[in-house]
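Notes follow once the structure below has been shown.
Here, each number is a calculation from the coordinates, and none is a lab measurement. Remember, it's a predicted structure, so these values are computed and weren't measured experimentally. Cβ atoms come from the backbone with ideal geometry, glycine included; neighbour counts cover every protein chain shown.
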Ligand SMILES: Nc1ncnc2c1ncn2[C@@H]1O[C@H](COP(=O)(O)OP(=O)(O)OP(=O)(O)O)[C@@H](O)[C@H]1O
Ligand SMILES: [Mg+2]
């Protein structure tokens, strides 16, 4: 049985539909992420799971039991908010053990569980410190320890890494993965940062305007986005208008105006006459001289339009003969060699027969 199931959940604010008929199934032990742009309804979903907000329609089931009528404080669910909401006048130890004291656990039990929780988040030496004496990452660990001490069946995390700087954020991502693995608690994580979602999650639900666009594992979302919204929201991608035509042998083939045929897998259900885009990731596009690309099924002549140096990689924008731009990513593995191809130079671009996807309009 699924740990959490949302069945056709809808939430309106006046005429505005913030969450629109969302159905999701989250398994026990899963690190599940709701990903989407600002205002797409992520926090509203978390608040309904936690019981701070109520659906206008649909059901929320935890371990198969409908949560309707169960007040927030009775739900075996804990939420960690972006601000961490630590009590400033309580020490780390008092903050973490707060839920146990509220639930009137015995003093010895509280001491034991606090000790375990402190070890779990590696804050053993900091029990007597106050929140303002801690770094952002340490504060997050306190918030996590406080959330975990009651052993909830579900941990909800709302943009909990958003306040941290890039370096610390990366460290906390690794910590969060390790912690989740160790404690085995089901996480529902909310973020609008796609890199974070890809790094952390077992599965991701991509949301847009209150609706779920696709639910999948990170690599599948990235490699096989179901539609243009998902393709565009996750990572970089070039989209070129294309249509499906009939080949001389009566097969389907993908054609780009002014460029010609593109060899790419066309999924079942795509039929002759379909219009849409050919979408390809920058790292799938190779650029170079003719000979280097000869073995690739797709190759075209282009002109280097611009170059974006990013330290580890450079992103080239290449103008194709029909005027469209395509991005190609090249690792800068040789030191001091950032610009392999000059702006304005004529070059070849190519990609494999199995690269890219066709997406309907
Ligand atoms: N109590 C409320 N009253 C009216 N509108 C609301 C209320 N709560 C949320 N909304 C609206 O519902 C939509 C979804 O809000 P929500 O907070 O779920 O977005 P989000 O995906 O978490 O966005 P962000 O990434 O910015 O946190 C927004 O347009 C928001 O303005
Ligand atoms: Mg939010």
The stretch 204-256: Rg to Rh, with Rh as the Kirkwood radius over Cα pairs: 1.12
Angle between the chain longest axis and helix 166-183 axis [Cα atoms, degrees, rounded to 10]: 60 degrees
Gaussian network model of the chain, Cα within-10 Å springs - most flexible of 20, 312, 158: 312
Degrees, to the nearest 10: 92-102 long Cα axis against longest axis of the chain: 70 degrees
Footprinting exposure proxy for 168, 330 (fewest neighbouring C-beta atoms within 10 Å first): 168, 330
Residue among 93, 323, 210 with the largest mean-square fluctuation in a Gaussian network model of the chain, springs linking Cα atoms under 10 Å: 323
Cα→Cβ-extended label distance, 7 Å offset, between residue 85 and residue 167, nm: 3.2 nm
Anisotropy class of the stretch 211-361 from Cα gyration tensor, a/c 1.5 cut: oblate
Fraction of antiparallel bridges per DSSP, the chain only, in percent to nearest 5: 75 percent
Least to most buried among 318, 77, 68 (fewest other Cβ within 10 Å first): 68, 77, 318
The stretch 48-105 and the stretch 262-301: distance between their alpha carbon centers, rounded to Å: 49 Å
222 nm mean residue ellipticity, helices alone, for the chain (DSSP H n ≥ 4; -39,500 (n - 2.57); rounded to 500): -7000 deg cm²/dmol
Length gained when the stretch residue 7-residue 27 is fully extended (0.36 nm per residue, less Cα-Cα span): 5.8 nm
Residue 220 paired with residue 263, simple spin-label distance in nm, labels 7 Å along Cα-to-beta-carbon: 2.8 nm
In degrees, nearest ten, helix 107-120 long axis to first principal axis of the chain (Cα): 20 degrees
Directionally averaged projected area (convex hull, Cα atoms, the chain), nm²: 23.3 nm²
Highest-fluctuation residue, 204, 60, 177 considered, GNM on the chain with Cα pairs under 10 Å: 177
